[in-house]
Amino acid sequence: MMNARPGSGVVTNNVANGMLKDPGAVKVFIASWSNFNFSCTGAERWDKAMARVPFFVHMVTNPSEMTQFADIVLPATFNSAEGWSIVTNMGNGHGYASIQQGAVKRLWDVKQEETEVVWLLAEKLKAKGFPNLFDYYAKEFKDPETGKTPSTALEFSEIAAKITSAPLWMAKEPLKGDAKVEGWADFRRKGMFNGPKYSLKKGWGGKFATETKKFEFYSETLKKGLLEHAKKYETTPDDILAVSGYVARGDVAFVPHYEPAKRHGSFQDYPFTFVDYKSRLNREGRSANLPWYQEFKKVDPGDVSWDDVLKMNPADGVKLGLKTGDTVKVSSMAGAMVVKLKLWEGVRPGTVAKCYGQGHWAYGRVAAKDYAKAVPNGGSNNDILVDDYDRLSGSTARNGGFTGVRVQKA
């Protein structure tokens, strides 16, 4: 429902379901800086899907679980030091832009996946009689400073960065900010540009991107989108809401209201509610191959260094005859993982909690217990979290519902 247009959102995690439904649809798969086999909920689906891809190319800086399915592994640039990229953001009252550039000599034969690799692919396509992509790159991408067109992959990468940042270093009117940028060379030397401090609520009072152009307590935008979708499929908005898993009907759906959280798994079969939370040391799972990450893992409440534990309230442990140090199997509707148990009063009875980030069976000799034999260090939360999606926003409902689990001695 992006911009109230049903079907317009992109849900990457749902791609695995499509690949499993139609295994022959994907003949060649190219991915960069991704590890869906670890980072996506319902991760086992990605193992099955990637195993069926005839030809998979992975462009990464570090071999991950997803890399193990690759036919060819290509080393990617570490963009902050080996590639070209313009990063923009806003914070602390300022808008800013910084440049990532080749600050060191490339040690290996690395290529920037977003520019150099696509240029090289375009060259090969042209050699095989398909020149459209290469001609577009070679003719339409002109250096805003010199007017020169690229002739190599590296030139194409730099010109792309110059085009996106040109409004800063060759502005039509003098820019306000804390540093004057005089040309591309000066921008490269300084590395960034800070805009002037913007006033709080500066953007308030303008027109919103809604159907009424106002802030909508009653969403005419959502209503219009659902009505058009319902008409297309000869049904009603209420039917769409029901199919999408919402309880609201009628006008209630278009105003702020309560929706009960969805739980995957009955309390009878999966009596514990699983709590997935993020580490203080990393938001994702990319740090597990660092010794210091493993050494300081105890800073996460209830965790221990160089290990991975599932936390359970001692009262629940007594009922199940489990104790700290036991190896347990945690099962859900999506899958299972094996991990060490720790009885800890910081967990509410009826729930079990585990920090996200461990459970790698690849990613390196530190991240995995035995990299050569693909033995994981602990368990990966995504092996038991169900892949579900909010049907209106398209978001992966990782934190919007509950996953019920069963815990038993392994």
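Structure notes:
- Identification of helices (runs of 4 or more DSSP H) wholly contained in the stretch 128-234 with 2 or more residues that are surrounded by 12 or more Cβ atoms within 10 Å (Cβ to Cβ) and among the basic types (Lys, Arg) yields 184-190, 220-232.
- Close Cβ contacts (under 8 Å, 6 or more residues apart or on different chains) running from residues in the stretch 263-278 that are closer than 19 Å to Asp308 by Cα to residues that are part of a loop (DSSP other than H, G, I, E, B) and modelled with pLDDT under 95 comprise Asp276/Arg398; Asp276/Asn399; Lys278/Gly357.
- Residues within the stretch 141-164 that are of a type in the set (Val, Ile, Thr) and under 13 Å from Ala122 (Cβ atoms), tallied: 1
- Taking first residues from the stretch 109-129 that are without any contact (Cβ under 8 Å) to a residue 60 or more places away in the chain and hydrophobic (A, V, I, L, M, F, W, C) and partners that are surrounded by fewer than 20 Cβ atoms within 10 Å (Cβ to Cβ) and assigned to a loop (DSSP other than H, G, I, E, B), the Cβ contacts under 9 Å between residues at least 6 apart in sequence or on separate chains come to Val110/Thr61; Val110/Phe78; Trp119/Thr152; Ala122/Phe130; Ala122/Pro131; Leu125/Pro131.
- With respect to being on the phi > 0 side of the Ramachandran plot and in contact (Cβ under 8 Å) with a residue 12 or more places away in the chain, Ala374 fits the description.
- Residue list for the stretch 15-39, filter: surrounded by fewer than 17 Cβ atoms within 10 Å (Cβ to Cβ) and in a helix (DSSP H, G or I): Asn17, Gly18, Leu20, Lys21, Pro23, Gly24, Ala25
- Of all residues in the stretch 287-297, those being under 25 Å from the mean Cα position of the chain (by Cα) and part of a helix (DSSP H, G or I) number 5.
- Test: Glu114 is in a loop (DSSP other than H, G, I, E, B) and either of a type in the set (D, E, K, R) or touching a Gly at 6+ places or on another chain (Cβ under 9 Å) (or both): yes
- Of all residues in the stretch 92-116 being surrounded by 15 or more Cβ atoms within 10 Å (Cβ to Cβ) and of a type in the set (S, T, N, Q), the one that is farthest from Ala138 (Cα to Cα): Ser98
- Within the stretch 376-393, the set of residues being assigned to a strand (DSSP E or B) and modelled with pLDDT of 95 or more is empty.
- Scanning the stretch 76-108 for residues that are part of a loop (DSSP other than H, G, I, E, B) and in contact (Cβ under 8 Å) with a residue 60 or more places away in the chain returns Gly83, Trp84, Gly93, Gln101.
- In the stretch 237-291, the residues that are loosely packed, with under 12 Cβ neighbours inside 10 Å and either touching a Ser or Thr at 6+ places or on another chain (Cβ under 6 Å) or among the basic types (Lys, Arg) (or both): Arg283
- The residues on offer are Ala70, Ala81, and the sole one that is touching a Phe, Trp or Tyr at 6+ places or on another chain (Cβ under 9 Å) and hydrophobic (A, V, I, L, M, F, W, C) is Ala70.
- Residues located in the stretch 298-328, provided they are under 27 Å from the mean Cα position of the chain (by Cα) and outside any loop (DSSP other than H, G, I, E, B): Lys298, Val299, Val309, Leu310, Lys311
- Taking first residues from the stretch 1-24 that are among the polar types (S, T, N, Q) and partners that are buried (at least 17 other Cβ atoms within 10 Å of the Cβ), the Cβ contacts under 6 Å between residues at least 6 apart in sequence or on separate chains come to Asn13/Cys40; Asn13/Asp387; Asn13/Thr396.
The values are calculated or read from the model by the stated rules, or taken from the named source; none is laboratory data. It should be emphasised that the depicted structure is a prediction, and the values quoted were computed from it without experimental measurement. Please note: Cβ atoms are built from the backbone with ideal geometry, for glycine as well, and neighbour counts cover all protein chains shown.
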